[in-house]
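Working notes, beginning with the structure itself.
The values are calculated or read from the model by the stated rules, or taken from the named source; none is laboratory data. Nothing here was measured: the structure is a model prediction, and the numbers come from that model. Heads up, the Cβs are rebuilt from the backbone with ideal geometry, glycines too, and the neighbour counts pull from every protein chain shown. Ligands, DNA and RNA are stripped out before the accessible areas are found, and what is left, the full protein with its side chains, is counted by its heavy atoms. Shrake-Rupley method; radii C 1.70, N 1.55, O 1.52, S 1.80 Å.
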Amino acid sequence: TEFIDASGKRAIPREFLVNSSSASSVNGLSLVDVAVGKEGHSALIDRRGRFIVPPRKDQYIQLENDGSIVVRRGDSEYLVDTNGNTLLQVSGEEAMMRSVGEGLAFFERPGQGVGLVDARTGKIVVAPRRNWVWVGEFNEGLANLRILLPNNDVSEGYIDRSGKMVIEPRFLNASPFVGGLAVVSGADGHEGLIDRTGQW
């Protein structure tokens, strides 16, 4: 596959391997696979074909619609900016980083817990918390958060972009807000709708 401009002229003077990631482009950046011998190595390029994240065999790149970029190599995950500079790194077998939308990413440091980071600047929004288990997708300024309770059960509630708990964790499962409403499962497992105040 190759890149062309609106007139059909070749825009980047090289070809790339075709795969499902070849179509992912956000803010002038594109995920590509580069042929190295008989293998394809994932990379991230800008509109001129310059490598923002150079091709490597052992890496996986996530380019999200909000512009956040997470790169996984071995047992490390990196949050990088649009120039390929590392903003935050987590390492270890259980280390994890993932975009959660609206310019934020959640990260897990083994033994320390889960936190939130600004995906554009790398500034830590919420330092890792041991009782945080999982952060869902932010939508309409809120995200579902799974926490570990003192009795070792888990429950879900909602946080805002600063990490403040705005709807206390009392649900078995919670989904993102859409149009001011969210589908949740109550303690008895039955589903219902809540508003942004947590009222059924």
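Here's a check for you: in the range 157-178, which residue that is in a strand (DSSP E or B), open to solvent by less than 10 Å² (accessible area, probe 1.4 Å) and among the hydrophobic types (A, V, I, L, M, F, W, C) is nearest to residue 143 (Cα to Cα)?
First, the residues of the range 157-178 that are in a strand (DSSP E or B): 157-160, 165-171, 173-174, 178.
Those still in the list that are open to solvent by less than 10 Å² (accessible area, probe 1.4 Å) too: 157-159, 167, 171.
This time we only want the ones that are among the hydrophobic types (A, V, I, L, M, F, W, C), so: 159, 167, 171.
Details: 159: 6, 167: 10, 171: 13 Å.
If we take residues in the range 157-178 being in a strand (DSSP E or B), open to solvent by less than 10 Å² (accessible area, probe 1.4 Å) and among the hydrophobic types (A, V, I, L, M, F, W, C), then 159 is nearest to residue 143 (Cα to Cα).
Are any residues in the range 48-69 out of contact with any helix residue (DSSP H, G or I) (no Cβ under 9 Å at 6 or more places or on another chain) and open to solvent by less than 60 Å² (accessible area, probe 1.4 Å), and if so, which ones? Before the answer, list the steps.
Filtering the range 48-69 down to residues out of contact with any helix residue (DSSP H, G or I) (no Cβ under 9 Å at 6 or more places or on another chain) leaves 48-60, 62, 64-69.
Once the filter is applied, which keeps residues that are out of contact with any helix residue (DSSP H, G or I) (no Cβ under 9 Å at 6 or more places or on another chain) and open to solvent by less than 60 Å² (accessible area, probe 1.4 Å), the range 48-69 yields 49, 52, 53, 55, 59, 62, 66, 67, 68, 69.
How do the pairs read when you match residues in the range 117-136 that are under 12 Å from residue 162 (Cα atoms) and free of Cβ contacts under 8 Å to residues at least 40 places away in the same chain with residues anywhere that are open to solvent by less than 60 Å² (accessible area, probe 1.4 Å) and among the acidic types (Asp, Glu), using Cβ under 7 Å and keeping only pairs 6 or more apart or on different chains?
125/118
Could you go through the range 181-189 and let me know if any residue there is open to solvent by 80 Å² or more (accessible area, probe 1.4 Å) and closer than 14 Å to residue 115 by Cα.
Taking every residue of the range 181-189 in turn, none turns out to be open to solvent by 80 Å² or more (accessible area, probe 1.4 Å) and closer than 14 Å to residue 115 by Cα.
In the range 70-97, what residues are within 20 Å of residue 147 (Cβ to Cβ) and either open to solvent by 50 Å² or more (accessible area, probe 1.4 Å) or touching a helix residue (DSSP H, G or I) at 6+ places or on another chain (Cβ under 6 Å) (or both)? Please lay out each step first, then the result.
Going residue by residue through the range 70-97, those that are within 20 Å of residue 147 (Cβ to Cβ) are 90, 94-97.
Across the range 70-97, the qualifying residues are 94, 96.
Output the residue which, of all residues in the range 98-132 that are under 16 Å from the mean Cα position of the chain (by Cα) and among the polar types (S, T, N, Q), is least open to solvent (accessible area, probe 1.4 Å).
99
Scan the range 34-47 for residues that are under 16 Å from residue 1 (Cβ atoms), open to solvent by less than 80 Å² (accessible area, probe 1.4 Å) and not in a strand (DSSP E or B) and report the count.
The qualifying residues number 0.
Which number in (1) polar (S, T, N, Q); (2) closer than 27 Å to residue 68 by Cα; (3) open to solvent by 30 Å² or more (accessible area, probe 1.4 Å) marks the one condition that residue 144 misses?
Here residue 144 meets the rest and fails (3).
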